[in-house]
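What follows is a set of notes on a single structure, which appears directly below.
Just so it is clear, none of the values below were taken in a lab; they were calculated from the coordinates. Note that the coordinates shown come from a computational prediction; the quantities given were computed from them, not determined experimentally. Cβ atoms come from the backbone with ideal geometry, glycine included; neighbour counts cover every protein chain shown.
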Amino acid sequence: MKIAVLPGDGIGTEIVAEAIRVLDALELDFEMETALVGGAAYDAHGHPLPEATLKLAKEADAVLFGAVGDWKYDKLERQFRPEQAILGLRKNLGLFANFRPAICYEQLVGASSLKPELISGLDILIIRELTGDIYFGQPRGRRTAVDGHFPGAEEAFDTMRYSRPEVERIARVAFEAARKRSKRVTSVDKANVLETFQFWKDIVTEVGKEYPDVALDHMYVDNAAMQLVKEPKKFDVVVTGNMFGDILSDEAAMLTGSIGMLPSASLNASSQGLYEPSHGSAPDIAGKGVANPLATILSAAMMLRFSLQQPEAADRIESAVKSVLASGLRTGDIWSEGTKRVGTREMGDAVVAA
Ligand code: NAI
Ligand code: MG
């Protein structure tokens with residue numbers, strides 16, 4: 001088994017280093033190879049996703065990814081921006097299904113901004129379609145408007161698109177995942193306004209007929225945003241498009257206490273996957289040794305479970321994280337009165353020891 005390790009920028013290098021120490025501590029038999037990605041790759045090779053990095057990722061069984069991006073690249077042409085690297089990896093590896101489990105660890109109930117009774121015991125799974133929707137739809141660009149509210153004015157446009165097979169396959173992923181959980185799927189759309197999402201809703205309903213044991217309901221995205229903070233525990237599996245999923249999964253992250261706790265898996269039709277924390281490169285805290293490495297460590301656990309067929313090792317990592325939290329160690333983002341504040345490295349040390 002081979003893991004491509006792509007730490008990227010900002011806190012990416014700090015948190016991936018800790019995940020690797022945890023993987024090493026398991027003493028399993030796999031090969032790891034590191035490559036540059038994002039701004040780091042742009043600085044060295046003039047491209048955020050160099051051919052060699054893409055080749056390594058394609059040939060690996062799994063990719064462990066940190067984060068990319070920094071404000072200093074904001075002025076670059078879009079194709080050279082660090083964020084294009086993660087979009088390029090998703091597209092080239094066909095990683096259409098993004099799993100973001102939002103679990104509120106009992107020890108962190110107090111770290112969330114929500115009332116304890118709302119989030120205690122929370123365990124929901126957001127499944128975001130990752131290679132379609134308005135993020136990839138063509139055409140896109142800028143032009144002079146020929147119609148609309150201001151004909152003759154400069155305008156910009158993107159295109160929201162989904163094809164039937166794209167919706168069918170993500171729906172199946174959601175129903176299959178729900179079968180292993182509480183057997184409920186909520187499909188989030190905006191069918192009242194957007195044709196793309198009426199189509200989405202129709203297809204999810206059709207696919208749902210193949211899964212009579214799973215309860216399906218539909219919710220508009222604006223209501224879903226509200227229900228996620230009002231009564232998050234009423235969800236089990238939430239499936240949605242690329243853009244709505246981007247937003248709702250960040251919202252769900254805050255239910256868990258911090259975005260520094262939320263892992264993710266992006267899978268294709270085979271068992272190959274890319275595993276990364278849900279957060280970005282956090283330039284505001286990069287280089288300070290204070291970033292929370294747990295989202296990345298928990299992503300490594302998902303990698304062991306989904307791509308490397310090592311479920312026991314995944315369980316070991318997850319229980320180590322729980323016991324470290326139970327011992328009272330906290331990085332700044334999850335710190336609360338009465339707990340011990342530690343840095344990135346000390347948190348990694350504690351997980352390795354556990
Ligand atoms: P961000 O997720 O990097 O940071 C948001 C806030 O959360 C910041 O205050 C940050 O300090 C904090 N934070 C994030 N991760 C943390 C951790 N592990 N421990 C403690 N605190 C943490 O999002 P932001 O600031 O919007 O974006 C920064 C850069 O990251 C941008 O260039 C953006 O494009 C990029 N980005 C990259 C992603 C990726 O590589 N997949 C995903 C999201 C953003
Ligand atoms: Mg996001």
* Overall Cα dimensions of the chain, principal axis frame, Å, largest first -> 62, 50, 39
* Who wins for biggest fluctuation among PHE157, PHE30, PHE197 in a Gaussian network model of the chain, springs between alpha carbons below 10 Å? -> PHE157
* Amide H to amide H, which residues 5 or more places from LEU216 or on other chains are under 5 Å from it, using H placed in the peptide plane? -> VAL185
* To do: Could you pull out every one of the lysines with an alpha carbon less than 23 Å from that of LYS2, ignoring same-chain neighbours closer than 8 positions?
  => LYS55, LYS58, LYS91
* Structure fact -> If amide H atoms are modeled at 1.01 Å from N in the peptide plane, then the residues at a separation of 5 or more from GLN310, or on another chain, having amide H under 5 Å from its own are ARG305
* Asked: Using the eigenvalues of the Cα gyration tensor, what equivalent ellipsoid semi-axes result for the stretch 104-144 when each is taken as the square root of five times the eigenvalue, whole Å, largest first?
  -> 40, 13, 7
* If you place +1 on the Cβ of every Lys and Arg, -1 on the Cβ of every Asp and Glu, and leave all else neutral, what size is the dipole of the stretch 11-158 about its Cα centre, to the nearest 20 Debye? -> 600 debye
* **Residues with amide H under 5 Å from that of ARG161, placed H, sequence gap 5 or more** => ASP133, ILE134, GLY137
* Asked: Any idea what Rg and Dmax come out to for the stretch 118-263 if you just take the C-alpha atoms, in Å?
  -> 17.0, 55
* Asked: Taking the mean number of other Cβ atoms within 10 Å as a proxy for protection, how do you rank 182-192, 255-265, 210-220 from highest to lowest?
  -> 255-265, 182-192, 210-220
* When Lys and Arg each count +1 and Asp and Glu each count -1, what net charge do the other residues less than 12 Å away from VAL204, Cβ to Cβ, add up to? -> -3
* Structure fact -> Among ILE103, ALA291, LEU308, the residue whose Cα sits farthest towards the positive end of the charge dipole of the chain (+1 at Cβ of Lys and Arg, -1 at Cβ of Asp and Glu, taken about the Cα centre) is ILE103
* **Sorted peptide list for 226-233, 134-141, 95-102, 72-79, criterion being average Cβ within 10 angstrom, highest first** => 95-102, 226-233, 134-141, 72-79
* Evaluate the charge dipole of the stretch 115-250 about its Cα centre and quote only its size in Debye, nearest 20, assuming +1 on the Cβ of each Lys and Arg and -1 on the Cβ of each Asp and Glu. => 380 debye
* **Hz values of 3J(HN,Hα) by residue in the stretch 80-85 - Karplus curve (6.51, -1.76, 1.60), Gly and Pro given as x** => 9, 5, x, 4, 5, 5
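For GLN107, what is the net charge nearby, where nearby means another residue's Cβ is under 10 Å from its Cβ and Lys, Arg count +1, Asp, Glu -1? Can you show the working numbers first?
On the way: positive: LYS322, ARG330; negative: GLU106.
In short, +1.
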* Net charge near ALA265, counting Lys/Arg +1 and Asp/Glu -1 over other residues with Cβ under 10 Å of its Cβ? -> +1
* To do: Distance between Cα centroids, the stretch 327-345 to the stretch 297-315: provide it in whole Å.
  => 25 Å
* Structure fact -> Counted neighbours (other Cβ, 10 Å), sorted fewest up, put VAL237, VAL207, VAL146 in the order VAL146, VAL207, VAL237
* For the stretch 216-231, 3J(HN,Hα) per residue [Karplus equation, 6.51 cos²θ - 1.76 cosθ + 1.60, θ = phi - 60°, Hz, x = Gly/Pro] -> 10, 10, 10, 9, 6, 5, 5, 5, 4, 4, 6, 5, 5, 9, 7, 8
* Quick one: work out the % antiparallel among DSSP beta bridges in the chain, nearest 5. => 40 percent
* **Relative contact order of the chain, defined on C-alpha pairs under 8 angstrom at six or more residues apart (%)** => 22 percent
